[in-house]
Amino acid sequence: MKKFLSNISVLKRAFVLVAVAFAVIVAGQLGILPQAAAEPPVLPSCNKPLPEGYAQSVQPNVLLLLDTSGSMMYLSERDTSTYGDGSKPYSGQKYFGIDRCKISGDGNTSNNDPNTAYNYHPNLIVIGNANDLKNMGISSPDSYFAKTADGRYLYPNDSRMYKLKLVLWEILNDPGLVSGLRLGLATYYQQKNDSPKVPSVGIYYQWPPTSSGSNQALSWEGSSSWDRALLRRFFKSTDEPGSIEEITKWVDGIETSDNPELRAHGATPLAASIYGADDKKSDARYFFLMDGAINAWCQQNWLIVLTDGADTETSPHDTSPVTAVKNLYNAKDKPEDKWPSFYGNKAQPVKTMVIGLINPTASNVSTLKDTLDKMADAGDDGNEKNNSSHAYFASNVDELMKAFKDIFKQIQSFNSTGNAPLVSPPIGGQEGGIYVPNFVPRLERQ
């Protein structure tokens, strides 16, 4: 009996201990027990102050704003039209244009060797032989096209649009330049023609490629009536499957019913496409403010602007683009723009980099060159008078390739690549680079 009572006592004591432990757990969950005063609330590290000299790994937003005005059919060196962009025909149209070696008074064949790197877009090299062109309804092809050594006809590769597509195809297919970015694509505004039609006004694609040629129907039509931009693809990580292809399809040189292509038609609403669209919602500022664009205060935001000419829509044409870039950078401080905040911290401003697809030494572009330089100067800090940055200028494929590569390397220098040190690329022709320690945001304290 005594032994039985002893076992009951043990059971009672065990029951009491279990009950006390349960009460402690419940009290802790209900917040009844006092917390240690030294334990601060845990915030995601991206919302903490960034250690000086460190980069961060939140994928930056990068928006490409590309010129799709009619002058993109011109030679890159001067304002002579090729009457096309050297891409493949769609729906019976002829968008070839003319090779500069066939333009009266030119005859330059320096970029007509298909075996030389970056002379031709990989999808736009050989059109075909004489019979192929005859079947396309093209007579006298020797008047318009360069030829290979074995007599096949080559796509005209001299328009600004052709060269832009060639370069972007190479850039976008280089993971070292574009991986780990949230990339978006915008252009000057054009309306969609569900069935290609000949635009009522403006510069035309023509066949034969002369001022008297028949105007070709377009799927995308620009106009001076639209003072705004057009978002072609919203920000999306380049690491997601199919993301790169959603942009490269615009510059692959092939147009079908389900594969759109950039076309050169319309005006140059440069300023309004950056900040100040006539409809209040079709400019770079609005694209960055759209739901899902900016996701953290430390996320870098970049705008890459490429234009081949001065603003034609917003007066004064030489200063309005500079003002637009400044307004975009300072949008975070404008109450009316409702710039996003995270844990009391305003999101980073949009920094703008500028590429002028022009010959900077030409006598008639000095004002435009100055405008683009001031845009770039204002793009990094909102001040266009401190010479803190400069525009890139390109009149050929090599220069355009270098400009885009330099820009993407600079953007990547802000983007984490894990625990390995980042290397900041040379800037402004300087030699060498510097190592940049990186800061990887975590949900726990660090």
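List of remarks:
- Among 350, 198, the ranking by other beta carbons within 10 Å of each residue's beta carbon, starting with the fewest, stands as 198, 350.
- Checking the Cα-Cα distances for 134/249; 249/385; 236/374; 197/338; 197/280 against a 32 Å cut-off, the pairs over it are 249/385; 197/338.
- Taking each residue as 0.36 nm, the span from residue 195 to residue 386 lengthens on full extension beyond its C-alpha to C-alpha distance by 63.8 nm.
- Order of 285, 152 - criterion: other Cβ atoms within 10 Å of each residue's Cβ, fewest first: 152, 285
- Near the amide H of residue 218, within less than 5 Å, lie the amide hydrogens of 197, 198, all on another chain or at least 5 residues away, with H placed in the peptide plane.
- Distance histogram for the range 99-159 (every C-alpha pair counted, 10 angstrom bins, percent rounded to whole numbers): 23, 56, 21, 0
- Most positive-pole-ward Cα, 242, 273, 202, against dipole of the range 191-346 from beta carbon charges: 273
- For residue 303, the residues 5 or more places off, or on other chains, whose built amide H falls under 5 Å of its own are 63, 351, 352, 353.
- For 258, 158, the sequence from fewest to most other C-beta atoms within 10 Å is 258, 158.
- Once the C-beta distance of residue 239 and residue 291 is scaled by a Förster radius of 25 Å, the resulting FRET efficiency is 0.75 to the nearest 0.05.
- For residue 393, the residues whose modelled amide H falls within less than 5 Å of its own, excluding neighbours fewer than 5 places apart on the same chain, are 356.
- At 1.002 mPa s and 20 °C, Stokes diffusion of the range 58-197 via Kirkwood alpha-carbon radius, µm² per second: 129
- Per-residue extension of 0.36 nm, minus the Cα-Cα distance of residue 366 and residue 224, leaves a gain of 48.7 nm for this segment.
Any read-out appearing in this document is the output of simple, stated calculations on the displayed coordinates, not a laboratory observation. What you are looking at is a predicted structure, and each value in this text was computed from that prediction instead of being measured. Methodologically, a virtual Cβ is constructed for each residue, glycine included, from the backbone with ideal geometry; neighbour enumeration extends over all protein chains shown.
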